[in-house]
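Please read the structure below before turning to the comments.
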Amino acid sequence: MPKKTLKPVTYTDHKGRLRWHCNDELGEKLKQLYNFLIIGNYEESHAARYPRLAHSISRHPESVLQMKKEDRLRELAGVSETISTIISELLETGTCKKMEEGDEFFDPPPKSVLELTKIPRLGAKTARTIYQDHGIESLKGLEQALAEGSLGHIKGIGKGMVATIEKHLASIK
């Protein structure tokens, strides 16, 4: 796995609170993990812990990098030994074993499917439908389906979402 180094840089948010960029970046990775798990049909009640954890970590007053160095990740609310391992992997490499290999509860979808969740208002459940029911696993596949006019027949995608997808695809070209 490629090594991605996060830096413990601080900033002050709009409410005057000290925040850590590394905590925000880890929070984003945990949200990605949630999306990935949902798209891969992982049990939603178990996956739901990751966005909650992302929120609390992004607002934690202490650097998670420093906490990791001091072997104190388990002090964070909701962090078990397993979650501590996932956080450590995310901090060290930018990914985790669960995203790379899956586990006994789900087979991971292709990572390209996460591109779909970057479209405004297109969440993990709709991305799962698009991927599992229609075989669309990337923005390129979505663009092709759009050109063929087949997006409007997908559950969760109406005229407004088609327009949002068109706008998003145009903005990244």
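Where a number appears in this text, it was derived from the coordinates with a stated rule and is not lab data. It should be emphasised that the depicted structure is a prediction, and the values quoted were computed from it without experimental measurement. Glycine gets a Cβ as well: all are built from the backbone with ideal geometry, and neighbour counts include every protein chain shown.
Distance from a point 7 Å along Cα→Cβ of H46 to each backbone N in segment 103-124: keep the residues under 13 Å and list them by number. From segment 103-124, the list is 103-108. Backbone geometry of segment 51-61 corresponds, through the Karplus equation with coefficients 6.51, -1.76 and 1.60 at θ = phi - 60°, to 3J(HN,Hα) couplings of x, 5, 5, 4, 4, 5, 5, 5, 9, 5, x Hz, x marking Gly and Pro.
What is segment 87-133 by shape, rounded, prolate or oblate, if you read a ≥ b ≥ c off the alpha carbon gyration tensor as root eigenvalues and call it rounded for a/c under 1.5, prolate for a/b larger than b/c, and oblate otherwise? Oblate, since a/c reaches 1.5 and b/c is not below a/b. When the Gaussian network model of the chain links Cα atoms closer than 10 Å, the mean-square fluctuations of E43, E89, E148 top out at E148. Pairs from the table (K111/K140; K98/K140; K125/K155; K31/K155) lying more than 19 angstrom apart at Cα are K98/K140; K31/K155. Normalised by the number of residues in segment 10-101, the mean separation of alpha-carbon contacts (under 8 Å, six or more apart) gives a relative contact order of 29 percent.
What the Cα atoms of the chain give is an Rg and a Dmax of 17.7, 54 Å.
Mark the label point 7 Å from the Cα of T82 along Cα→Cβ and return the residues of segment 24-48 whose backbone N is within less than 15 Å of it. Flagged as within label range: 34, 37-38, 42-48. From its DSSP helices (H runs of at least four residues, each -39,500 (n - 2.57)), the chain gives a residue-normalised ellipticity at 222 nm of -15500 deg cm²/dmol. Length available on full extension from K111 to A147: 0.36 nm per residue minus the Cα-Cα distance, which gives 10.7 nm. What the phi angles of segment 133-147 give under the Karplus curve with 6.51, -1.76 and 1.60, with θ = phi - 60°, is a coupling list of 8, 10, x, 8, 10, 7, 5, 4, x, 5, 4, 5, 5, 5, 4 Hz, glycine and proline written as x.
Normalising the average separation of contacting C-alpha pairs (under 8 angstrom, six or more residues apart) by the number of residues puts the relative contact order of segment 87-173 at 22 percent. Specify whether the C-alpha gyration tensor of segment 28-107 places it in the rounded, prolate or oblate class, a ≥ b ≥ c being the square roots of the eigenvalues: rounded for a/c under 1.5, otherwise prolate if a/b is larger than b/c and oblate if not. Since a/c reaches 1.5 and a/b is larger than b/c, the shape of segment 28-107 is classed as prolate.
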